[in-house]
Amino acid sequence: MSATGAGRAKVTQTRVVVVGAGIAGLAAAHRLLRRGVGVTVLEAADRVGGKLLPGEIAGARVDFGAESMLARRPEAVALAREVGLTDRLQPPATATASLWTRGALRPMPKGHVMGVPGTASALAGVLSEEGLARIERDADLPRTEVGDDVAVGEYVAARLGREVVDRLVEPLLGGVYAGDAYRISLRSAVPQLYQAALTHDSLTRAVREIQAKAAANQQTGPVFMGIEGGVGSLPLAVAESVRERGGEILTGAAVTELRREPSAGWRVVAGGRVLHADAVVVAVPAPAAAALLRTEAPGAAAELTGIEYASMALVTLAYRRADVTLPEGSGFLVPPVDGRSIKASTFASRKWGWIADENPDLLVLRTSVGRHGEMEILQREDAGLVEVSRHDLREATGLDATPLETRVTRWTDGLPQYPVGHHARVARIREHVGRLPGLAVCGAPYDGVGIPACIASAYAAVDQLGGDLSAVPELTANPVQSLHGGAGE
Ligand SMILES: Cc1cc2nc3c(=O)[nH]c(=O)nc-3n(C[C@H](O)[C@H](O)[C@H](O)COP(=O)(O)OP(=O)(O)OC[C@H]3O[C@@H](n4cnc5c(N)ncnc54)[C@H](O)[C@@H]3O)c2cc1C
């Protein structure tokens, strides 16, 4: 944020302050401006985007954070189109991936819902004979009661045996949450299966029905979508659109205080700046949201404090293409049960056509390490993480070449965990927040950690504010107006 003189707070009046310029905060700001509501976005970091981080390695444009968007739900792809990225949307060049399991890279099975198969035969080759036979028992077992919620691993193991959980569900869920399948909520993480569990005795039959319905609804086309240059381009484009529409985005502006005004509206303090707003959207991770809401919504703050996070690191490696021969596909997942160090590897140059096109002589890939409760590996220096990545890549794929360049990106407390009962916690947070007019929350801690889910939560926050905003007369004709600016501001 631009420097302000000591003790000379700059006071600004705006309709809505959005705290946090991750994809959720930016999507909220964008939606508000489209509705003609003035916005100021305050971001603590010196850049926008949060967990979306574009960068370069050996001259290649890559993502150092999130790298793909689910395309089976509309929000992310639609937002990318709205901000002018239509021509840059690109599906993965290859949809085939592998599992590094039981000592070999094996093709990722098709025909499953988050690793839960419709038939035992769908997992042939991935599971042992005993594991496959255990799946068949699902048809004969009485219904497994799931109550208000249950852990994904517990439920799936009860129906199909632990091997399905350990070898397939765990690495797939781990890829999204960096968490533990035996703790993650079925209701929050795989709601389709939770609903099915309430009405079906057999889980495999429920999965077959879900698949048949998807086929009938013609849910074809790519499941995921990328953006040429990296999905890290999305927040940059949204931010540009926000500014073009008259919104203000301040970086280096950590919000430290959020108070209700005695009459109406909110007072927001960020460094030397004080903003008065009709409404506030809090779009920051749970610990930061808890700190901001502690005074005005202590109940919400207490609940937010209970949300745990997983830390992880991404190791990006660039090789001379001529030095590398890789197996087919876009990469592989690793079941934790095998005790390897890496959780997954993405062959970025294979997966994203634009990386290969722009850098034909390079081969870029990345690994991920760390998951919830597994801190030891992340204590290592960057060089140590590169070393374990190279070791595991060599074991899995035979890749023995020396990389031209490596980069370690640490995401400390990067992913909120959704344990059993998460939905009820979120409902309680929303109840506390909903009691305060002109306050809404959104982002990864609530209704899904993926990019489209974060955008959807932002739009829901804007809808929630709609009524509050129409009840308050607009403060300023100009969305952001400096009332008392200090010199040099
Ligand atoms: C390594 C990694 C890989 C991932 N890969 C994928 C993927 O491929 N596909 C996918 O869909 N999802 C992926 N995710 C998940 C997804 O990227 C995130 O859940 C999502 O981007 C979170 O967006 P957000 O806006 O809620 O929060 P964030 O991105 O965390 O943004 C919150 C912002 O608030 C700011 N902030 C915090 N405190 C304050 C304060 N007091 N004042 C002002 N600003 C503040 C932060 O600096 C940050 O910029 C990944 C996540 C990680 C960590």
**Complete:** Taking the stretch 109-126 and keeping only residues that are under 22 Å from the mean Cα position of the chain (by Cα) and part of a loop (DSSP other than H, G, I, E, B), one is left with Met114, Gly115
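Looking at Arg243, Arg259, can you tell me which residue is open to solvent by 70 Å² or more (accessible area, probe 1.4 Å), within 16 Å of the ligand (Cβ to nearest atom), closer than 30 Å to Leu275 by Cβ and not hydrophobic (A, V, I, L, M, F, W, C)?
Numbers: Arg243 fails: within 16 Å of the ligand (Cβ to nearest atom).
On inspection, the qualifying residue turns out to be Arg259.
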**Prompt:** Does any residue of the stretch 370-387 turn out to be basic (Lys, Arg), over 30 Å from Ala322 (Cβ atoms) and open to solvent by 20 Å² or more (accessible area, probe 1.4 Å)?
**Reply:** yes
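Just checking: which of the helices (runs of 4 or more DSSP H) contained wholly in the stretch 337-453 hold 3 or more residues that are within 28 Å of Leu173 (Cβ to Cβ)?
Values: elements: 348-351, 353-358, 382-397, 422-434.
Helices (runs of 4 or more DSSP H) meeting the threshold: 348-351, 382-397, 422-434.
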**Prompt:** Can you find even one residue in the stretch 85-104 that is closer than 30 Å to Arg34 by Cα, assigned to a helix (DSSP H, G or I) and out of contact with any helix residue (DSSP H, G or I) (no Cβ under 8 Å at 6 or more places or on another chain)?
**Reply:** yes
**Request:** Would you mind telling me which numbered condition in (1) more than 8 Å from the ligand (Cβ to nearest atom); (2) in contact with a Leu (Cβ under 9 Å, 6 or more places away or on another chain); (3) under 22 Å from Asp357 (Cα atoms); (4) small (Gly, Ala, Ser) Gly38 fails?
**Result:** (3)
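Could you please find all residues in the stretch 282-296 being assigned to a strand (DSSP E or B) and more than 11 Å from the ligand (Cβ to nearest atom)?
Restricting attention to the stretch 282-296, the residues satisfying the condition of being assigned to a strand (DSSP E or B) are 282.
Matches in the stretch 282-296: none.
Within the stretch 449-465, how many residues turn out to be free of Cβ contacts under 8 Å to residues at least 40 places away in the same chain and either open to solvent by less than 50 Å² (accessible area, probe 1.4 Å) or among the polar types (S, T, N, Q) (or both)?
Here is the first cut: in the stretch 449-465, the residues free of Cβ contacts under 8 Å to residues at least 40 places away in the same chain are 460, 463-464.
Next, from what is left, pick out any that are either open to solvent by less than 50 Å² (accessible area, probe 1.4 Å) or among the polar types (S, T, N, Q) (or both): 464.
Number satisfying all stated conditions: 1.
Taking only the stretch 92-111 into account, find how many residues are closer than 15 Å to Met225 by Cα and open to solvent by 60 Å² or more (accessible area, probe 1.4 Å). Reasoning before the result, please.
Residues of the stretch 92-111 that are closer than 15 Å to Met225 by Cα, as a first pass: 92-96.
So of that shortlist, the ones also open to solvent by 60 Å² or more (accessible area, probe 1.4 Å) come out as 93, 95-96.
Total meeting the criteria: 3.
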**Request:** Considering every residue within the stretch 223-242, establish whether at least one is without any contact (Cβ under 8 Å) to a residue 40 or more places away in the chain and either of a type outside the set (Asp, Glu) or farther than 23 Å from Ala289 by Cα (or both).
**Result:** no
**Request:** Test each condition in (1) at pLDDT below 95; (2) open to solvent by less than 10 Å² (accessible area, probe 1.4 Å); (3) assigned to a helix (DSSP H, G or I) for Val164 and report the one that comes out false.
**Result:** (1)
**Message:** For the stretch 310-338: of the residues being within 17 Å of Glu387 (Cβ to Cβ) and of a type outside the set (A, V, I, L, M, F, W, C), which is surrounded by the most Cβ atoms within 10 Å (Cβ to Cβ)?
**Reply:** Thr316
**Message:** What pairs come out if I take residues in the stretch 130-158 that are assigned to a loop (DSSP other than H, G, I, E, B) and pair them with residues that are among the acidic types (Asp, Glu) whose C-beta lies under 6 Å away, six or more apart or interchain?
**Reply:** Arg143/Asp201
**Request:** Output the qualifying pairs, or none if there are none: Cβ atoms under 9 angstrom, residues six or more apart or on different chains, first residue in the stretch 398-422 and open to solvent by less than 50 Å² (accessible area, probe 1.4 Å), second residue within 9 Å of the ligand (Cβ to nearest atom) and β-branched (Val, Ile, Thr).
**Result:** Leu415/Val176; Leu415/Val449; Pro416/Val449; Tyr418/Val449
**Candidates Val433, Val462, filtered to the one that is at pLDDT 95 or above, in contact with a Cys (Cβ under 9 Å, 6 or more places away or on another chain), under 27 Å from Arg267 (Cβ atoms) and β-branched (Val, Ile, Thr)** = Val462
**Item:** Test for Pro74: is it within 14 Å of the ligand (Cβ to nearest atom), open to solvent by 60 Å² or more (accessible area, probe 1.4 Å) and not hydrophobic (A, V, I, L, M, F, W, C)
**Value:** yes
**Asked** Leu127 passes all but one of (1) touching an Asp or Glu at 6+ places or on another chain (Cβ under 9 Å); (2) among the hydrophobic types (A, V, I, L, M, F, W, C); (3) within 16 Å of the ligand (Cβ to nearest atom); which number fails?
**Response** (3)
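The values are calculated or read from the model by the stated rules, or taken from the named source; none is laboratory data. Since the structure is predicted, the reported quantities are computational estimates derived from the model, not experimental observations. Glycine also receives a Cβ, built like all others from the backbone with ideal geometry; neighbour counts cover every protein chain displayed. Keep in mind that these areas ignore ligands, DNA and RNA; they rest on the heavy atoms of the full protein, side chains included. Shrake-Rupley method; radii C 1.70, N 1.55, O 1.52, S 1.80 Å.
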